[in-house]
Amino acid sequence: MKSFKRIVVSLLSLFAGLFIVLLGIFIVAIISNVNVIDENIKFQEEHLEYLETEYYKNYTPKKESDLSDFDLEKAIEDGVKLNEIAILGTHNSYQRLATAETRFAMNIVDTITLKKFGLNTFDFEMDTLTEQLEMGIRNVEIDIETLDKNNKIEFKVTHNSLIDNASSAYDFEKALQEIKMWSDNNPEHIPVIIIVEPKSFVIEINGMKKFSLEYAKELDKIVENTLGDSVLTPKDMLRDYKSFKEMRENDDWISLKEARGKILVLLHDCDVTESYIALDESIKTQKMFPMLRYDDRNETYTSFILENDAWRAAERKAENIDESNLIVRTRADVYPEYSDERYEVIETCGSQIITTDFPEKVNENEEHVYSFEGKKVKLSGNRN
């Protein structure tokens, strides 16, 4: 019995020691993550200044036809519509490499948990938004957290404010300014679609707040004021239609010709979606398109939906695309995993926004890159 007690005490001591070590590692990671905020701010400010004062001085616009696997100009003349092309996008498009302390902490936990939670995603990073647009990416995803402090509301672009703040576009308004700047210098570009995802888990300390309808209204103001004439709003898309359902039933998405040079902002499905829609169920007064789910496919206000799983997107293609004329977003891969099998399914799913965690990058020779056989835009196969 004494021997058994000694074993129990030893095990408890071991676990207690391990807990203290892990706690210490996490505290160091959290401190490093707070410190990286200043780096984010400096990086973004210097990046925008460089773009404004140097990069665009003798700039040559991108040839959109070089990105497409079809004759773009002929397609435009033939009246191809927005829902009849597929564009390549990126996931967590703002992501810079997490701090060394955070990566170290996550890798330890990942090892202890036998990689059950996939925490090696903290090794993930992307080029800047401008670099991605230059490479042909036409959809970016931006996560936001709400900072309401000293009577000032700001939206911070971050993956996790506690342990992963690293971001190349930390201030949301400045991120829109960067995209707008690129758009202004490429007036004939294929429309850029921005997905804004309010983070659902927020620790309300130091001014961080849970996303609410009032904050969604504030987002609308920022979208309108920052993007100006470049933004294509739900009202612009609807034209004389009373609802998106009516527009879809008439197979009358806006033409690619009319959408060129425009930026669309989609509000990712979140806790506020229902109340945001309730502001005006026609969505004509909102500045963002609510991005919904399969169960909402037949609602009057539905236009864009999420079907992130490739197999499910393929299974539901008939309902989502062929019958309901929706635009669907699907993920081609989930970092750090990818598979030829999933990519084959992506080819058949018909989704018009395909997001990858493995885009072509500016200054790196990646071991693995996903694209549409070297292109970034293709016909979706949904043309009637």
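The values are calculated or read from the model by the stated rules, or taken from the named source; none is laboratory data. Computed from a predicted model, the values in this text were never measured in an experiment. All Cβ positions, even for glycine, are placed from backbone atoms using ideal geometry, and neighbour counts span all protein chains on display. Calculation scope for accessible area: heavy atoms of the full protein, side chains included, ligands and nucleic acids excluded. Shrake-Rupley method; radii C 1.70, N 1.55, O 1.52, S 1.80 Å.
Using θ = phi - 60° and the Karplus relation 6.51 cos²θ - 1.76 cosθ + 1.60, list the HN-Hα couplings for segment 347-356 in order, rounded to whole Hz, with x at every Gly or Pro.
Those phi angles translate into 5, 9, 7, x, 5, 9, 10, 10, 9, 10 Hz.
What are the ³J(HN,Hα) couplings of segment 266-278, residue after residue, when phi is run through the Karplus curve with 6.51, -1.76, 1.60 and θ = phi - 60°? Round to Hz, x for glycine and proline.
Rounded to whole hertz, the list is 10, 8, 4, 3, 7, 5, 9, 3, 4, 6, 5, 5, 5.
When ligands, DNA and RNA are left out and all protein chains stay put, how many square angstrom of accessible area per residue does segment 189-336 have with a 1.4 Å probe? Could you put the intermediate results ahead of the total?
Numbers: 6200 Å² over 148 residues.
Counting only protein heavy atoms, the per-residue value for segment 189-336 is 42 Å².
Taking the Cα centre as origin and putting +1 on Lys and Arg beta-carbons and -1 on Asp and Glu beta-carbons, what dipole magnitude results for segment 125-262, to the nearest 20 debye? If you can, show how the numbers build up before the last one.
Working: 19 positive and 29 negative charges, 78 e Å.
Using only the charged Cβ atoms, the result is roughly 380 debye.
Kindly provide the Kirkwood hydrodynamic radius of segment 217-361 in Å, to one decimal, from all pairs of distinct alpha carbon atoms. Intermediate results must be reported in sequence, preceding the final value.
Working: mean 1/r = 0.0619 Å⁻¹.
Result for segment 217-361, one decimal place: 16.1 Å.
Any chance you could look up the accessible area of Asp236 with a 1.4 Å probe, heavy atoms only, rounded to 10 Å²?
70 Å²
With every protein chain left in place, what is the accessible area of Lys42 in Å² (1.4 Å probe, nearest 10)?
Estimated to the nearest 10 Å², Lys42 gives 120 Å².
Given a Förster radius of 45 Å and the C-beta distance between Glu246 and Ser339 as r, what FRET efficiency does 1/(1 + (r/R0)^6) yield to the nearest 0.05?
Step by step, r from the Cβ atoms, then E = 0.70.
Ignoring everything but the protein chains, give the 1.4 Å probe accessible area of Lys57 in square angstrom, nearest 10.
150 Å²
Considering just Cα atoms, how many Å³ per residue does the convex hull of segment 33-87 enclose? Could you put the intermediate results ahead of the total?
Numbers: hull volume 8.1 nm³, N = 55.
Cα-based convex hull of segment 33-87, divided per residue, equals 147 Å³.
How long are the semi-axes of the equivalent ellipsoid of segment 176-297, defined as square roots of 5 times the Cα gyration tensor eigenvalues? Whole Å, largest first. If you can, show how the numbers build up before the last one.
Details: eigenvalues 124, 82, 27 Å².
They are 25, 20, 12 Å, listed largest first.
Which of the lysines could a cross-linker span from Lys63 if the Cα-Cα distance has to be under 19 Å and same-chain partners fewer than 8 positions apart are dropped?
Lys74, Lys180, Lys257, Lys262, Lys361, Lys375, Lys376, Lys378
For segment 180-236, just the Cα atoms, rotate onto the principal axes and tell me the three extents in Å, largest first.
43, 22, 16
Output the pairs from Lys245/Lys287; Lys42/Lys174; Lys81/Lys317; Lys174/Lys245 with a Cα-Cα distance over 23 Å in this structure; if there are none, say none. Show your work: numbers first, answer last.
Numbers: Lys245/Lys287 18 Å; Lys42/Lys174 12 Å; Lys81/Lys317 18 Å; Lys174/Lys245 34 Å.
Pairs exceeding the cut-off: Lys174/Lys245.
Ranked highest first by the average count of other Cβ atoms within 10 Å around their residues, in what order do 43-56, 310-323 fall?
Going by the mean number of other Cβ atoms within 10 Å, highest first, we get 310-323, 43-56.
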